[in-house]
1. In nm, give the distance between the simple-model label positions of Ile12 and Glu47, each being 7 Å from the Cα along the Cα-to-Cβ direction.
2. What shape does the chain have by the C-alpha gyration tensor, where a ≥ b ≥ c are the square roots of the eigenvalues, rounded means a/c under 1.5, and otherwise prolate means a/b greater than b/c and oblate the rest?
3. Once you place label points 7 Å from the Cα toward the Cβ at Lys182 and Asn101, how far apart are they in nm?
4. How much length is gained if the chain between Gln203 and Thr70 is pulled fully straight, taking 0.36 nm per residue apart and subtracting their Cα-Cα distance, in nm to one decimal?
5. Between Lys193 and Thr168, 0.36 nm times their residue separation minus their Cα-Cα distance comes to what?
6. Please turn the phi angles of segment 30-42 into ³J(HN,Hα) values with the Karplus equation 6.51 cos²θ - 1.76 cosθ + 1.60 (θ = phi - 60°), one per residue in order, whole Hz, x for glycine and proline.
7. In whole percent, and with a 1.4 Å probe on the protein chains, what portion of the accessible area of the chain is carbon and sulfur?
8. Give me the lysines in straight-line cross-link reach of Lys58: C-alpha distance below 16 Å, same-chain residues under 8 apart excluded.
Amino acid sequence: ALASNANDGDLITFTSNATGAVPWWYLVNLGNTYDINGVEIYWKHPEWINKYKIEVSKDSIAWIMASDKTSNVFYGGTSEINNFFTNGSKFIRMTVTGSANAVYFWPSLCEFKLFGTLSVTSTKELRASNVRVYPNPATDYLNIETEKPNADITVLTMDGKIVYKNNTTNSNFNIPVSNWTKGLYLVRVKDEKGVAIEKVTIQ
């Protein structure tokens with residue numbers, strides 16, 4: 001079954017190991033770095049006791065255990081919520097290790113949902129030129145000043161949705177925000193020296 005079936009919003013489609021062997025794993029590249037605080041798993045057979053583990057990674061090479069359910073003795077149900085917290089993760093992998101009471105076929109995954117927010121913990125590792133983002137909170141306009149021109153500006157919601165994206169050749173410019181939904185946003189400024197990320201509140 002296609003791996004994309006576990007992330008298509010359809011509870012009918014599913015993914016699993018084509019041969020039925022365990023262990024098998026499902027890996028997601030989040031694209032950005034996130035602080036993850038849990039997952040929701042939809043199993044094809046909620047009457048089975050499914051065994052698995054969840055790991056996270058910054059580079060898909062070194063993995064850290066986030067949740068170990070390899071000795072699970074509880075039924076997953078229609079949806080199983082697994083709460084944990086990890087910070088600064090770009091990859092997440094669920095390895096299915098077996099099922100305690102599977103009668104036929106093998107553990108199959110219908111949907112795999114993540115909960116979390118974009119991480120700002122690693123932004124100081126490669127810092128862009130001096131950046132000022134003001135006022136904070138902002139109501140009408142958000143002003144951004146950079147030490148040098150030619151910067152890529154991206155504004156995202158805390159769940160990773162891009163609401164503004166532009167490349168500027170000016171070192172001082174503003175973004176109208178009066179029509180934006182009130183709340184917390186991330187301003188990402190990338191130039192030749194690196195990346196700066198600032199949290200701002202729109203009210």
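The values are calculated or read from the model by the stated rules, or taken from the named source; none is laboratory data. Since this is a predicted model, take the numbers as computed values, not measurements. Cβ atoms come from the backbone with ideal geometry, glycine included; neighbour counts cover every protein chain shown. For the accessible areas, the whole protein counts, side chains as well, though only heavy atoms, and no ligand, DNA or RNA atoms are used. Shrake-Rupley method; radii C 1.70, N 1.55, O 1.52, S 1.80 Å.
1. 2.1
2. In terms of gyration-tensor shape, prolate.
3. 5.0
4. Values: separation 133, 0.36 × 133 = 47.88 nm, distance 4.55 nm.
Contour length minus the Cα-Cα distance gives 43.3 nm.
5. Result for the pair: 7.5 nm of gain on full extension.
6. 6, x, 10, 8, 10, 8, 9, 10, x, 9, 10, 10, 10
7. On the way: 5540 of 11000 Å².
For the chain, the apolar C and S fraction of the accessible surface comes to 50 percent.
8. Lys90, Lys124
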